[in-house]
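Here's the structure, in structure tokens; my notes come after.
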Amino acid sequence: MTPDTLARLQISCADRPGIVAAVTRFLFEHGANITELDQHSTQPGGGLFFMRLEFQTPGMDLGHGELEQAFDEVVGRRFGMHWHISYAARRPRMAVLVSAHDHAALELLWRWQRGELAVDIPCVISNHDRLRGAVAAFGVPFHHVPQESPAQREQAEQRMLAILGEGADFLVLARYMRILSPDFVARYPDRIINIHHSFLPAFVGADPYRQAYERGVKIIGATAHYVTADLDQGPIIEQDTARVSHSDEIEELRRLGRDLERQVLARAVRWHAEDRIIVDGNKTIVFD
């Protein structure tokens, strides 16, 4: 299996008999070899249907829209599908936004450098300048866009948009501790991933580890989700937890939390880059 011949198909539609047969027959008749297939129905009858396929396309002339046009005419319209075909050879471009905490951003850069994340990284943007050297060591352009107060948000966002231009397919907030405006978020629908340093919906807002410590929790967690105009209320992609005890001080909770954040965010980013996520309202279907 090589990126040059690997394609992915995502489908969502009303559930009805014959969908799987129609899709697989279409791919067979076009010389594709299905190597991975996952599906989910929300209920046995009358619900919604979701599917993700990976298939090999040896010998096919890709990139000119013929396969997409044929699929839409033969299968997509027939079943009223929302669908998307992507090609592994076209690596998505992921821009990273980060503030002072470096652990989540550096984890992504390290995994990217090792080839574990099949993305290109056009830039890292930060409202602090302290990570410039660490980012430069990976050969990634670093941009410092200060935002000391909410009053500077509009100017800062306009500068970020100018930097991003058409060069980013999706954004990752790797502990970017500034709230994005609804207008900014609307430019990247279901294409901004945030890591929240608590197990949503619990302990939102400032200093969640202190909140958790003061409540005497027995587990802490991290949540990766898509960003919407409603703060920390977007569709959840991935979560994980770790057990703690009464003897753990706040700094130990934060250390454990940083480890969770790195792992949870990396999984969410990889699933997004590999088209393993379908957004259904305020929920996600994740074929991991």
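The values are calculated or read from the model by the stated rules, or taken from the named source; none is laboratory data. Bear in mind that the values here come from a model prediction, so they are computed numbers and not experimental data. Every residue, glycine as well, gets a Cβ built from its backbone with ideal geometry; the counts of neighbours run over all protein chains shown. With ligands, DNA and RNA removed, areas are computed over all heavy atoms of the protein, side chains included. Shrake-Rupley method; radii C 1.70, N 1.55, O 1.52, S 1.80 Å.
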Query raised in the report: Which numbered condition trips up Ala95, out of (1) open to solvent by 50 Å² or more (accessible area, probe 1.4 Å); (2) closer than 20 Å to Arg270 by Cα; (3) not acidic (Asp, Glu)?
Result: (1)
Query raised in the report: So which of Asp248, Asp230 ends up being open to solvent by less than 50 Å² (accessible area, probe 1.4 Å) and either part of a loop (DSSP other than H, G, I, E, B) or within 30 Å of Ala7 (Cα to Cα) (or both)?
Result: Asp248
Report task. For residues that are part of a loop (DSSP other than H, G, I, E, B) and either out of contact with any Lys or Arg (no Cβ under 9 Å at 6 or more places or on another chain) or small (Gly, Ala, Ser) (or both), scanning just the range 233-245, find the one that is farthest from Asp183 (Cα to Cα). Result -> Ser245
**Report entry** Residue selected from the range 110-142 under the condition in contact with a strand residue (DSSP E or B) (Cβ under 6 Å, 6 or more places away or on another chain), open to solvent by less than 60 Å² (accessible area, probe 1.4 Å) and not aliphatic (A, V, I, L, M), by the criterion nearest to Arg93 (Cα to Cα)
**Finding:** Pro122
Query raised in the report: If we keep just the residues of the range 1-23 that are crowded, with 16+ Cβ neighbours inside 10 Å, modelled with pLDDT of 95 or more and not aliphatic (A, V, I, L, M), which is farthest from Met81 (Cα to Cα)?
Result: Arg8
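Out of Arg270, Arg262, Arg255, I need the residue that is among the charged types (D, E, K, R), surrounded by 20 or more Cβ atoms within 10 Å (Cβ to Cβ) and assigned to a helix (DSSP H, G or I). Which one?
Selected residue: Arg262, the only one of Arg270, Arg262, Arg255 that is among the charged types (D, E, K, R), surrounded by 20 or more Cβ atoms within 10 Å (Cβ to Cβ) and assigned to a helix (DSSP H, G or I).
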**Report entry** Matching entry among Glu107, Glu68 (being open to solvent by 10 Å² or more (accessible area, probe 1.4 Å), of a type outside the set (Val, Ile, Thr) and at pLDDT 95 or above)
**Finding:** Glu107
Query raised in the report: Of all strands (runs of 3 or more DSSP E) completely enclosed by the range 144-227, which ones contain at least 3 residues that are more than 30 Å from Asp248 (Cα to Cα)?
Result: 170-173
Query raised in the report: Only one residue in Ala206, Ala151, Ala174, Ala229 is modelled with pLDDT of 80 or more and under 19 Å from Val98 (Cβ atoms). Which one?
Result: Ala174
Query raised in the report: For the range 123-140, how many residues are touching a helix residue (DSSP H, G or I) at 6+ places or on another chain (Cβ under 8 Å) and in a loop (DSSP other than H, G, I, E, B)?
Result: 5
Query raised in the report: Restricting attention to the range 177-199, which residues are aromatic (Phe, Trp, Tyr) and at pLDDT 95 or above?
Result: Phe184, Tyr188
